[in-house]
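One structure below.
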Amino acid sequence: MPTYVFHLHDGPSVPPQEEAVEATDIDQARDLAEMRLLLGNQFTHVNVLLDGEEKLRLKRDGRG
């Protein structure tokens, strides 16, 4: 399974928290990123990367 990296943001002045997750494809990675945003109340948005390339950008309010 590919390893995706989440960059979880908590505002512009704080460096993003980085988490690696395994997902079967980009759809599963999106689902996991959405859950991570819901569970981590402090995070405003998440960037999802694969092999150093940004694949998704999700915001807490549901707009990507």
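What does the charge add up to near Leu32, with Lys and Arg as +1, Asp and Glu as -1, over the other residues with Cβ less than 13 Å from its Cβ? Intermediate values should be presented prior to the final figure.
Working: positive: Arg30, Arg36, Lys55; negative: Glu19, Glu22, Asp25, Asp27, Asp31, Glu34.
Taking every Cβ under 13 Å from that of Leu32, the sum is -3.
As a fraction of the 1.4 Å probe accessible area of the chain, surface on carbon and sulfur atoms comes out at 50 percent.
For Cα pairs less than 8 Å apart in space and 6+ apart in sequence, what is the mean separation divided by the residue count of the chain, i.e. the relative contact order in percent?
Working: 112 pairs, mean separation 21.2, N = 64.
Result for the chain is 33 percent.
With q set to 0.22, 0.28 Å⁻¹, the log10 of I(q)/I(0) for the chain, from the Debye formula over equal scatterers at the Cα positions, is -0.83, -1.30. Summed over the residues of segment 6-61 and divided among them, the accessible surface reaches 64 Å² per residue at a probe radius of 1.4 Å. The helix-based estimate of mean residue ellipticity at 222 nm for the chain, built from -39,500 (n - 2.57) per DSSP H run of four or more residues and divided by its residue count, is -7000 deg cm²/dmol to the nearest 500.
The values are calculated or read from the model by the stated rules, or taken from the named source; none is laboratory data. All values reported here derive from a predicted model rather than from experimental measurement. We place every Cβ from the backbone using ideal geometry, glycine too, and count neighbours over all the protein chains shown. Each accessible area value is taken on the protein alone, full model and side chains, heavy atoms only, with ligands, DNA and RNA left out. Shrake-Rupley method; radii C 1.70, N 1.55, O 1.52, S 1.80 Å.
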